[in-house]
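The values are calculated or read from the model by the stated rules, or taken from the named source; none is laboratory data. Here the structure is a predicted model, which means the values were calculated and not measured. Glycine also receives a Cβ, built like all others from the backbone with ideal geometry; neighbour counts cover every protein chain displayed. Only protein heavy atoms, including side chains, enter the accessible area calculation; ligands, DNA and RNA are left aside. Shrake-Rupley method; radii C 1.70, N 1.55, O 1.52, S 1.80 Å.
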Amino acid sequence: HKVANMATKDQKGKGEGEEQTFHRVRMTFTSREIKSLESACAKIIQNAKDRELKVAGPVRMPTKNLKITTRKAPNGEGTNTWDRFEMRIHKRVIDLTSPSDKIKEVTSIAIDPCVNVELIITDSQDA
């Protein structure tokens, strides 16, 4: 899916008539697959550096380990054997400072559907 849809949704109504208003963009990537997560982060960072924007990240947040331990036997009989399942959720955070017209250009890339992206756009104080 494309990240650009979220950027335009968050950006509507923010200073359309002003010239060169800078925004701080915090992008949070979460995924179970680390290769697709790292490739999405690399694409965004390369896109931003090509447009000479300020980039901070990717900051690697702690991995969440979700564990479930369950009995193998569906009924209570037999040997007490257990299955242990684990799901790891990886998270990366990237901060950008960019003009409002370049946000859509930077975020309009195709990424894997297993990577969730959250955008938070705020006005920058250090413009």
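One table, with the values for the structure above:
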read-out	value
Matching option when the condition is among the basic types (Lys, Arg) and either out of contact with any helix residue (DSSP H, G or I) (no Cβ under 9 Å at 6 or more places or on another chain) or modelled with pLDDT under 85 (or both), among Lys35, Lys91, Lys54	Lys35
Residues being surrounded by 12 or more Cβ atoms within 10 Å (Cβ to Cβ) and assigned to a loop (DSSP other than H, G, I, E, B) - total across the stretch 97-127	9
Of all residues making up the stretch 68-100, the number that are out of contact with any His (no Cβ under 8 Å at 6 or more places or on another chain) and under 30 Å from Arg24 (Cα atoms)	9
Filter result (acidic (Asp, Glu) and either under 25 Å from the mean Cα position of the chain (by Cα) or within 30 Å of Ile44 (Cα to Cα) (or both)) within the stretch 63-115	Glu86, Asp95, Asp101, Glu105, Asp112
Residue list for the stretch 46-96, restricted to those being acidic (Asp, Glu), part of a strand (DSSP E or B) and exposed (fewer than 12 other Cβ atoms within 10 Å of the Cβ)	Asp83, Glu86
Qualifying residue in the stretch 14-21 (condition: open to solvent by less than 30 Å² (accessible area, probe 1.4 Å) and at pLDDT 85 or above)	no
